[in-house]
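The values are calculated or read from the model by the stated rules, or taken from the named source; none is laboratory data. All values derive from a computational prediction rather than experimental measurement. Note that we place each Cβ from the backbone using ideal geometry, even for glycine, and neighbour counts take in every protein chain shown. Surface accessibility is based on the protein's heavy atoms, side chains included, excluding ligands, DNA and RNA. Shrake-Rupley method; radii C 1.70, N 1.55, O 1.52, S 1.80 Å.
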Amino acid sequence: MDRSPHVDIRVTQRLSAPADRVFDAWLDPDIAGKWLFATAWRPLSRAEIDARKGGSFCLADGKGADYTGVYIEIARPRRLVFTLNLDNRPRVVTRVTAEIRPLKTGCELRLVHEGVPLVQAGAIENRWTGMLYGLGEMLESRGRALPVSAAS
């Protein structure tokens, strides 16, 4: 059992996309595969998502980094809770909660990642900050690409 100190990470991001689009971006494999754990240098080669309570996911970059977990709660479009295995180490299982609050324009996403090993906390917080920024940019560019009738 991992006995090293653990911390909770909190990241908040305001997004111009509506709450339902932001929520769906977490569970649609085609969309999640473009931003969730993906980078320009390490795009995902596989995104498998069984989007139901008790369902699992596996996001892999094809170079040894697999991100896996199980959905604990799916309350569209406001709350998503799942476990997350860190660095292919089955003994380091953390919990992520994403809460999405609709605003007059867009939404606010509050993410809490619980049980992160202290030695990885800074890097993981930076990673979530970057991923959520990328999510916002991706959804904004997708929204611009839609015809006006489809975007409303």
>> Test of understanding: in a Gaussian network model of the chain with alpha carbons linked when under 10 Å, which of A65, A32, A47 would top the mean-square fluctuation ranking?
In response: A65
> Sequence-distant or interchain residues sharing an amide H contact under 5 Å with D61, placed H: which?
Replying inline: S45
> Label points 7 Å out from Cα along the Cβ direction at E140 and T105: separation in nm?
Replying inline: 1.1 nm
>> Once ligands and nucleic acids are excluded and a 1.4 Å probe is used, how much of S141 is accessible, expressed in Å² to the nearest 10?
In response: 50 Å²
>> If I compute solvent accessible area with a 1.4 Å probe over the protein chains, what percent of it on region 1-113 is carbon and sulfur?
In response: 49 percent
> Can you give me the relative contact order of region 1-92 as a percent, contacts being Cα pairs under 8 Å and 6 or more apart?
Replying inline: 20 percent
> Can you give the calculated 222 nm mean residue ellipticity of the chain, where each DSSP H run of n ≥ 4 adds -39,500 (n - 2.57) and the sum is split over every residue, rounded to the nearest 500 deg cm²/dmol?
Replying inline: -9000 deg cm²/dmol
> Given a 1.4 Å probe, how much area per residue of the chain is accessible, in Å²?
Replying inline: 56 Å²
